[in-house]
Amino acid sequence: MSEPSFEEMSKELEEIVVRLERGDVPVDEAIELFRRGQQLHAECVARLESAELQIEELTAPDPAT
Amino acid sequence: MRKVEHLAYGDRKVFTVSAFNRGVGMFLGRLPAVWVEGEVTELRRNDAWANVFLTLKDPTTGATLSVTIARRIYDRLELPLTEGETVHVAGRAELYEQKGELGLRATTVERLGIGAHLVALEQLKRTLAAEGLFAPERKRALPRLPRAVGILTGADAAARGDLVATIRSRFAGTRIVVCETRVQGKGAAGAIVSALRALTEHPDVDVVVLARGGGSFEDLLPFSDERVVRAVASARVPIVSAVGHEQDTPLCDLAADARVATPTAAGALVVPDVRELQGALVATRRRLGLAIRGRLERDRGRLERQGERLRAAPRLLTERKRAGLDRSGARLQALSPLATLSRGYAIVRARGGALRAASSARVGDSLDIQLAAGALAATVDEVRP
């Protein structure tokens, strides 16, 4: 199972912010959303801070050989 | 570049032979690159030499031109030329200074069989276009930050190096999955399809770059192979084509989701600049905080207003009760007989009760008449029922 992409996380974060900004969420849910938003934000930041370039080599079967 | 200097004999400028040749050579070097067609003669290639030499002959006039091409480039073309063959040579005019001989410094050589290739290619392009393989609405957006970037490359260190360096400078934490494969010559198309499949089947690869530097028309042909073009069009993830140079348009360029002229441009396209993303995240975090604070403050405000209403409730209740009582008092007041008397009515009592009918009294009865103020004693003189 692959982990969620930065793309997916930042999209969810944006949706949370928009919902909270609209302000029609019940308060318990709003707090829950905020916590989730904080967590997503932290994960996004962490994703950006990993500074190690990883290079993996793949070998594909060459049909001609 | 060295300056061309002359000797001076009084007013006369005099050039040495090598200065003259150098000057003419520099002048020729500014001419544009061109294609020259001719027949191959006097082909000389030696493993010990840095260059391969040949003479191009114009078959109609017999005019000749010396051609020099780097052996490294010539060998990579994989076209063992034979004498008498007609070729197209791309290159620039060059002067061999030691001898003052004009020549052509070649960058690539193509056999003249290419015409047939071009026709077949045009045919394939039309067929695939009619199928909608190149349609703009098929193009997918590239991911903003791919979990891993797939790179399909030949043994082309320069293209791969440029791409990796660009990715590193923009987003150092990128994961790169490289699949090196044969990209030219016999069997290259099948190898490219196989490599592309391996890359797109990798679970984290979100975008694939086809990184292939420049090459001759024939070198780039596998990237116009129908199998490769179809594989690019139907790939699971978006494909960026960085094949050949600006002037080349292999068909995979048309089927890819994006095409660029250089590996560096591909790098800039597939990963974002980390500084921009970090800035955007800071802004999002601020909005998140503001939104929850706003939300909670609105709730607190509503709660306070509700509290005030709650505290005000008992007082309101008492006031309402008092008002009710006041109204009852007034109604009670209105019903009081005393209030009636004050408007000029009187209560007449006889035989121990209030009289309501004349017939209840007899002549001679004593009457007690009560007024608003005081009372009168009277006697009945006559009864008129």
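Please determine whether any residue of the stretch B:261-268 is part of a strand (DSSP E or B), over 21 Å from B:Ala129 (Cα atoms) and touching a residue at least 24 places away in the same chain (Cβ under 8 Å).
Checked the stretch B:261-268: no residue is part of a strand (DSSP E or B), over 21 Å from B:Ala129 (Cα atoms) and touching a residue at least 24 places away in the same chain (Cβ under 8 Å).
Just to be sure I understand, how many residues within the stretch A:10-42 are farther than 22 Å from B:Pro143 by Cβ, more than 12 Å from the chain's Cα centre (by Cα) and at the interface with chain B (Cβ under 9 Å from one of its Cβ atoms)?
11
Within the stretch B:110-133, is even one residue more than 14 Å from chain A (Cβ to nearest Cβ), in a strand (DSSP E or B), surrounded by 14 or more Cβ atoms within 10 Å (Cβ to Cβ) and in contact (Cβ under 8 Å) with a residue 60 or more places away in the chain?
yes
What is the residue count in the stretch B:174-195 for residues that are in contact with a strand residue (DSSP E or B) (Cβ under 8 Å, 6 or more places away or on another chain) and facing chain A (nearest Cβ under 8 Å)?
The total comes to 9.
For a quick check of your reading of the model, give me the residue pairs whose first member lies in the stretch A:6-31 and is of a type in the set (D, E, K, R), whose second is not in a helix (DSSP H, G or I), with beta-carbon atoms closer than 7 Å and at least 6 apart or on different chains.
If the second residue must be not in a helix (DSSP H, G or I), the pairs left are A:Glu7/B:Pro143; A:Glu7/B:Arg144; A:Glu7/B:Leu145; A:Arg19/A:Val25.
Checking B:Gln247 against (1) free of Cβ contacts under 8 Å to residues at least 60 places away in the same chain; (2) more than 14 Å from every other protein chain (Cβ to nearest Cβ); (3) surrounded by 21 or more Cβ atoms within 10 Å (Cβ to Cβ): exactly one of these is not met. Which one?
If we test B:Gln247 against (1) free of Cβ contacts under 8 Å to residues at least 60 places away in the same chain; (2) more than 14 Å from every other protein chain (Cβ to nearest Cβ); (3) surrounded by 21 or more Cβ atoms within 10 Å (Cβ to Cβ), just (3) comes out false.
Give A:Met1, A:Met9 a once-over and let me know the one that is modelled with pLDDT under 85 and either closer than 18 Å to B:Gly279 by Cα or loosely packed, with under 12 Cβ neighbours inside 10 Å (or both).
When all the criteria are applied, what remains is A:Met1.
Quick check: anything in the stretch B:40-57 surrounded by 15 or more Cβ atoms within 10 Å (Cβ to Cβ) and either in a helix (DSSP H, G or I) or of a type in the set (Gly, Ala, Ser) (or both)?
No, that holds for no residue.
Scan the stretch A:48-60 and tell me whether some residue there is in a helix (DSSP H, G or I) and either touching a Gly at 6+ places or on another chain (Cβ under 9 Å) or within 7 Å of chain B (Cβ to nearest Cβ) (or both).
Checking the stretch A:48-60: at least one residue is in a helix (DSSP H, G or I) and either touching a Gly at 6+ places or on another chain (Cβ under 9 Å) or within 7 Å of chain B (Cβ to nearest Cβ) (or both).
With (1) in the same structural domain as B:Phe20 (by TED's automatic domain parsing); (2) out of contact with any strand residue (DSSP E or B) (no Cβ under 8 Å at 6 or more places or on another chain); (3) without any contact (Cβ under 8 Å) to a residue 40 or more places away in the chain; (4) not hydroxyl-bearing (Ser, Thr, Tyr) as the list, and B:Glu97 as the residue in question, which single condition is left unmet?
So the condition that B:Glu97 fails would be (3).
Has the stretch B:243-256 got any residue that is assigned to a strand (DSSP E or B), under 18 Å from B:Gly150 (Cβ atoms) and within 16 Å of the chain's Cα centre (by Cα)?
No, the conditions are met nowhere in the stretch B:243-256.
Could you identify the single residue in B:Val229, B:Val209, B:Val240 that is outside any strand (DSSP E or B), buried (at least 20 other Cβ atoms within 10 Å of the Cβ) and modelled with pLDDT of 90 or more?
Sole residue among the options that is outside any strand (DSSP E or B), buried (at least 20 other Cβ atoms within 10 Å of the Cβ) and modelled with pLDDT of 90 or more: B:Val229.
Within the stretch B:238-292, work out how many residues are in contact with a strand residue (DSSP E or B) (Cβ under 7 Å, 6 or more places away or on another chain) and of a type in the set (S, T, N, Q).
Of the residues in that region, 2 qualify.
I'm told B:Arg147 meets every condition in (1) buried (at least 20 other Cβ atoms within 10 Å of the Cβ); (2) at pLDDT 95 or above except one. Can you identify the failing condition by its number?
Every listed condition holds for B:Arg147 apart from (2).
Just to be sure, is B:Ala350 within 24 Å of B:Arg384 (Cβ to Cβ) and touching a residue at least 12 places away in the same chain (Cβ under 8 Å)?
In short, yes.
Restricting the stretch B:196-213 to residues that are small (Gly, Ala, Ser) and in contact with a helix residue (DSSP H, G or I) (Cβ under 8 Å, 6 or more places away or on another chain), which is farthest from the other protein chains (Cβ to nearest Cβ)?
Step by step, filter the stretch B:196-213, then rank; the result is B:Gly213.
Hey, could you check the stretch B:257-268 for residues that are of a type in the set (A, V, I, L, M) and buried (at least 20 other Cβ atoms within 10 Å of the Cβ) and say which is farthest from the chain's Cα centre (by Cα)?
Only one residue fits best here, namely B:Val260.
Looking at (1) in contact with a helix residue (DSSP H, G or I) (Cβ under 8 Å, 6 or more places away or on another chain); (2) in a loop (DSSP other than H, G, I, E, B), can you tell me which one B:Gly62 breaks?
Only one criterion in (1) in contact with a helix residue (DSSP H, G or I) (Cβ under 8 Å, 6 or more places away or on another chain); (2) in a loop (DSSP other than H, G, I, E, B) is unmet by B:Gly62, namely (1).
The values are calculated or read from the model by the stated rules, or taken from the named source; none is laboratory data. No experiment lies behind these values; they were computed from the predicted model shown. We place every Cβ from the backbone using ideal geometry, glycine too, and count neighbours over all the protein chains shown.
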